[in-house]
Amino acid sequence: MENTIRVRLVVAGTLTAIAAAGAVVGGQPASAKAAGAGHVQTSIKWGACPELPQGAERDPRQTCGTVTVPLDYRRPDGETLSIAVSRIATATPGKRRGVLVFNPGGPGLQGLDMPGRMARTLPKDVLDSYDLIGFDPRGVGHSSPISCGLPDSALLTVFPYPGAGGSIEGNVATARATAEACAKVGDRLRYFTSANSARDMDRIRQALGERKISYWGQSFGTYLGAVYASLFPRNTDRMVLEGNVDPTKVWAGMLNTWNQGMDERFPDAARVAAENHATLGLGRTVGKVTRSFLALADRLDREPAAVPGTQVVINGAVLRAITYQMLQQDETLAPLTQFWKAAADLSAGKAPTEEQLAVLRQIFADTPATKGVPVDNQATVIFSMLCGDTTWSSDVNSYAKAVAAARARHPLSAGMPNNVQPCAFWSQKPIEPLVKVTSHGPRNILILQNRRDNATPWAAARGMRKALGDRAYFVGVEQGGHFAYGTGSACADKTTATFLTKGILSAKDLTCAGRRS
């Protein structure tokens, strides 16, 4: 949602996965060791990048290429995938110290143009020090994209908000249908996992001709980075993990943390609404705004509201999913409260004002399609990783009980984080155990985390800190939102840049002041 209040219903960074097969030895399954490494690409032919979606922009300095990797690292001479890679080379080669690889999270988010986005925010000394490298992970975007043939609304399935009164019957039916659709693809989806994505990163390193890579991962990308650092500790240079997944809670447990994250972050938006009670009429205090929101969500569960002149219908699930997404940046809090007001008026049978219609159009604007990428690509990748990394309970009754308990304790999330996913009916088992993220390796990881992050909560980041132990340095920022760097904390920005350029990590963890209000 850069420079816009358009809401893309994506998982901004709380999922992940890991797989491949058998015991892990030196970054690849033991059986892959026995079979040999297969062809390892040692260079990249740089050239033009894939066509952009309509209206999108790209840094003109960026060039692109591909790296060939095995579908299955246990069979390195078998079927291959093409991984799309991008580069913005340093403008001062004499100061270059290496490469900085980016991943935006998701999972399933395209990262090919991330170097250009990050280049706009990074200081000159960082840009002088690194070639900036982006890539679409396996199965994503331009990297041999995968599809289950799911409907356009498939991303909403990732947020399985219960129906009226907490019923999960509709969620169960949707989850089952999604799993059945993906089963028709065959067992090929089993190899689109976090562990294999991390192995792909090491193939990118080799193709770049680098002894080590530095890395910056956001959201799900923090887990991918931690997996890489655990599989390839000697190949890891300096690593920034921003908005963190708890590697011990993959994946159902990590989704459950959204309850706490919503409780911690929602008051920031409610406070904005309360300050504008004169125009919004949602309540003069955080508590009153919260009660207004819960009452509105309940009404929309029972009686959805149509947006005049469109095919959009706002029900409780849509209200909550948009709220979840727009809580991730402070810049979208005010538009979010305007959306609540518009939804409340529609629910009350009032015609929307022109101002409200403008907000609704921006929020529900279509995202331009990427040529050659299936419409369900991100949803397919999400489920492949969620369900391919680890096994899930298939006991529908256990989900119903968990949802009921969560709704009572965390009404803002309405039981969604504890609800059934397609993984409960997934046809394939994981091909290997989860990679264990440990403290074994050099001290070269900076964990960057906001205090009130609804997508990857503070407690999850502390879990990452604990798992990495002395390898990591924790920088906590006293502010809300999913992204800590470049959002107003001079302390966090300076600490991150100094680490990337000089490798400095203090002995004690750091607390930074947040943005000024």
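Amide H neighbours of residue 85 under 5 Å, at least 5 residues apart or on other chains, H built in the peptide plane: list them.
Close amide H contacts, sequence-distant or interchain: 65, 66, 67.
How many nm separate the modelled label positions at residue 459 and residue 125, each set 7 Å beyond the Cα in the direction of the Cβ?
Each label point lies 7 Å from its Cα, and together they span 3.8 nm.
Can you give the charge dipole size of the chain about its Cα centre, rounded to the nearest 20 debye, using +1 on the beta carbon of Lys and Arg and -1 on the beta carbon of Asp and Glu?
My answer is approximately 1220 debye.
Any chance you could check the Cα centroid distance between segment 499-517 and segment 287-366 for me, in angstrom?
Comparing the Cα centres of segment 499-517 and segment 287-366, I get a distance of 37 Å.
With labels modelled as points extended 7 Å from the Cα through the Cβ direction, what inter-label distance (nm, one decimal) is found for residue 397 paired with residue 152?
Going from the residue 397 label point to the residue 152 one covers 4.1 nm.
Among bridges DSSP assigns within the chain, what percent are antiparallel (round to 5)?
40 percent
Would you compute, from DSSP H runs of 4+ residues alone, the mean residue ellipticity of the chain at 222 nm, taking -39500 (n - 2.57) per run and dividing by the full residue count, rounded to the nearest 500?
The helix-only estimate for the chain comes to -11500 deg cm²/dmol at 222 nm.
Given +1 on the Cβ of Lys and Arg, -1 on the Cβ of Asp and Glu, and no further charges, what dipole in debye does segment 203-280 carry about its Cα centre, rounded to the nearest 20?
I would put it at about 580 debye.
Using +1 at the Cβ of each Lys and Arg and -1 at the Cβ of each Asp and Glu in the chain, identify which of 83, 156, 489 lies farthest towards the dipole's positive end.
Farthest towards the positive end: 489.
Show me the three semi-axes of the equivalent ellipsoid for segment 329-376, from the C-alpha gyration tensor (sqrt of 5 times each eigenvalue), largest first, rounded to whole Å.
The answer is 27, 14, 9 Å, longest axis first.
Using a 1.4 Å probe over the heavy atoms of the protein chains, calculate the carbon and sulfur portion of the accessible area of the chain as a whole percent.
50 percent
Relative contact order for segment 373-517: what percent, with Cα pairs under 8 Å and sequence separation of 6 or more?
Dividing the mean separation by the residue count of segment 373-517 yields 19 percent.
For segment 302-409, build the charge dipole from Cβ charges (+1 Lys, Arg; -1 Asp, Glu) around the Cα centre, then report which of 306, 399, 362 sits farthest towards its positive end.
Going by the Cα projections, it comes out as 399.
Once Rh for segment 164-260 is found with the Kirkwood sum over Cα pairs, what is the Stokes-Einstein diffusion coefficient at 20 °C and 1.002 mPa s, in µm²/s?
For the chosen part, D equals 134 µm²/s.
What would the Debye formula give as log10 I(q)/I(0) at q = 0.21, 0.26, 0.28 Å⁻¹ for the alpha-carbon point model of segment 43-117, no solvent?
-1.09, -1.31, -1.37
So how do 251, 426 rank on accessible area, 1.4 Å probe, biggest first, that is with the largest at the start?
Most to least solvent-accessible, the answer reads 426, 251.
Take residue 82 and residue 185, extend 7 Å from each Cα along the Cα→Cβ direction, and tell me the distance between the two endpoints in nm.
A separation of 1.9 nm, rounded to one decimal place.
Take the cross-link list 184/401; 212/508; 45/436; 212/436; 249/401 and give me the ones stretching past 24 Å between alpha-carbons.
Beyond 24 Å between Cα atoms: 184/401; 212/508; 45/436.
Stokes-Einstein diffusion coefficient for segment 95-158 at 4 °C in a medium of 1.567 mPa s, Rh from the Kirkwood formula over Cα pairs: what value in µm²/s?
96 µm²/s
For segment 416-478, state the semi-axes of the equivalent ellipsoid (square roots of 5 times the eigenvalues of the alpha-carbon gyration tensor), sorted largest first and rounded to whole angstrom.
Over the Cα atoms of segment 416-478, the ellipsoid semi-axes are 28, 20, 7 Å.
Expressed in whole Å with the largest first, what are the equivalent ellipsoid semi-axes of segment 411-517 derived from the C-alpha gyration tensor as the square root of 5 times each eigenvalue?
So the three semi-axes of segment 411-517 are 30, 22, 11 Å.
About the Cα centre of segment 401-517, how large is the charge dipole given +1 on each Lys and Arg Cβ and -1 on each Asp and Glu Cβ? Please answer in debye to the nearest 20.
220 debye
Considering the convex hull of the alpha carbon atoms of segment 47-196, report its projected area averaged over all viewing directions, in nm², one decimal.
Over every viewing direction, the Cα hull of segment 47-196 projects on average to 12.4 nm².
Determine, at each q value in 0.20 (inverse angstroms), the log₁₀ of I(q)/I(0) that the Debye formula gives when each Cα of segment 262-320 is one equal point scatterer.
Here log10 of I(q) over I(0) equals -0.80.
Can you report the principal axis dimensions of segment 348-459 using only the alpha carbons, biggest first, rounded to whole angstrom?
58, 40, 38
In a shell of Cβ-Cβ distance under 13 Å around residue 162, excluding residue 162 itself, what net charge do Lys and Arg (+1) and Asp and Glu (-1) give?
+1
Over segment 127-216, calculate the relative contact order: mean separation of alpha carbon pairs under 8 Å at least 6 apart, over the residue count, as a percent.
Over segment 127-216, the number comes to 25 percent.
Gap in Å between the Cα centre of segment 187-216 and the Cα centre of segment 377-441?
24 Å
Of the peptides 267-280, 374-387, how do they stack up when ordered by the mean number of other Cβ atoms within 10 Å, highest first?
Ranking the peptides 267-280, 374-387 by packing returns 374-387, 267-280.
Could you list, bin by bin from short to long, the percent of Cα-Cα pairs of the chain in 10 Å steps?
Histogram of Cα-Cα distances, whole percents per bin: 4, 19, 30, 27, 14, 4, 0, 0.
Rg and Dmax of segment 289-411, using alpha carbons, in Å: what are they?
According to the Cα coordinates of segment 289-411, Rg and Dmax are 17.4, 49 Å.
The values are calculated or read from the model by the stated rules, or taken from the named source; none is laboratory data. What you see is a predicted model, and the numbers here were worked out from it, not measured in a lab. Every residue, glycine as well, gets a Cβ built from its backbone with ideal geometry; the counts of neighbours run over all protein chains shown. Side chains are part of the model used for accessible areas, which takes the heavy atoms of the whole protein and leaves out ligands, DNA and RNA. Shrake-Rupley method; radii C 1.70, N 1.55, O 1.52, S 1.80 Å.
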